[in-house]
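The values are calculated or read from the model by the stated rules, or taken from the named source; none is laboratory data. Remember, predicted model here, so these are calculated numbers, not experimental data. These accessible areas exclude ligands, DNA and RNA; they are computed on the full protein's heavy atoms, side chains included. Shrake-Rupley method; radii C 1.70, N 1.55, O 1.52, S 1.80 Å.
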Amino acid sequence: MANIAISLEETNKIRISLGLKPLTDEKAPVADKEKEAEENYAKAREKENKARKEKALRDKIAKIRNRQELNTKLEGKTLGSLENDDGDTKAWIKKSKKIVKEIAKRRQKELEEMDNQFQE
């Protein structure tokens, strides 16, 4: 028996004349699949890089906002800045004790008001 080989095109012509579907070339889809896989991988890498950059930007913005909030909380009088022109330590101590006493009085007054409201 002799081996008779015919090309894919010739086979498809015969199959079409017999009413059958033509055969497809198996080699072409493999290249397309590889190309598609490479494209998908490239897209996935781009998405990862974009997400990484966005996260870094969000973190940077959050860090700046936190720093701004801390700075706004820290505004006001500090131990280093004296309000009095004389700069006397005794005067500062007296003033701070006076402030503490005033705060204690306010708290006591608030507690008494809460007790009165509760009792009523």
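Summary table
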{"item": "Length added when fully stretched, L57-E120, from 0.36 nm per residue minus Cα-Cα", "result": "17.1 nm"}
{"item": "Partner lysines for K73 [C-alpha distance under 21 Å; skip if fewer than 8 residues away on the same chain]", "result": "K60, K63"}
{"item": "For S96, solvent-accessible area (1.4 Å; no DNA, RNA or ligand), Å²", "result": "40"}
